[in-house]
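No lab work stands behind these numbers, since they all come straight from the coordinates. This is a predicted model, so every value here is computed, not measured. We place every Cβ from the backbone using ideal geometry, glycine too, and count neighbours over all the protein chains shown.
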Amino acid sequence: MTTTRRTNLDRLLGRPGQPVGVYVFGAVDVDAAQVTDALARPGGDRLVRAVFEHELGHLVGLAHVEDRTQLMYPQTSTVLDYAPGDLTGLAALGTGPCVPEV
């Protein structure tokens, strides 16, 4: 799976106290064959869910982290749910202002 984000930086650059970008579009590309293969394995449903949650994290603004205990670590691991650091990042993203004019 891959994610795509587009931001509108020009609109907000130079405005003190404002974000430097605004999330305006996101997409997740799903490889159906890979998902089907994963679902056929024991525990595959939990792994597929974790991968989707990881990719959705990117869609809302989370980046990869270096901590292997977090879902946003760049490689598939045994972490199957958002971990405390992931949740902290999501909470921080949720404090941003709405920008309806975009």
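Figures for the structure shown
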read-out	value
Loop-located GluC sites (Glu not before Pro) in region 26-102 whose Cβ has at most 14 other Cβ within 10 Å (DSSP)	E66, E101
Segment D37-D67, extension gain: residue separation times 0.36 nm, minus the distance between their alpha carbons	8.1 nm
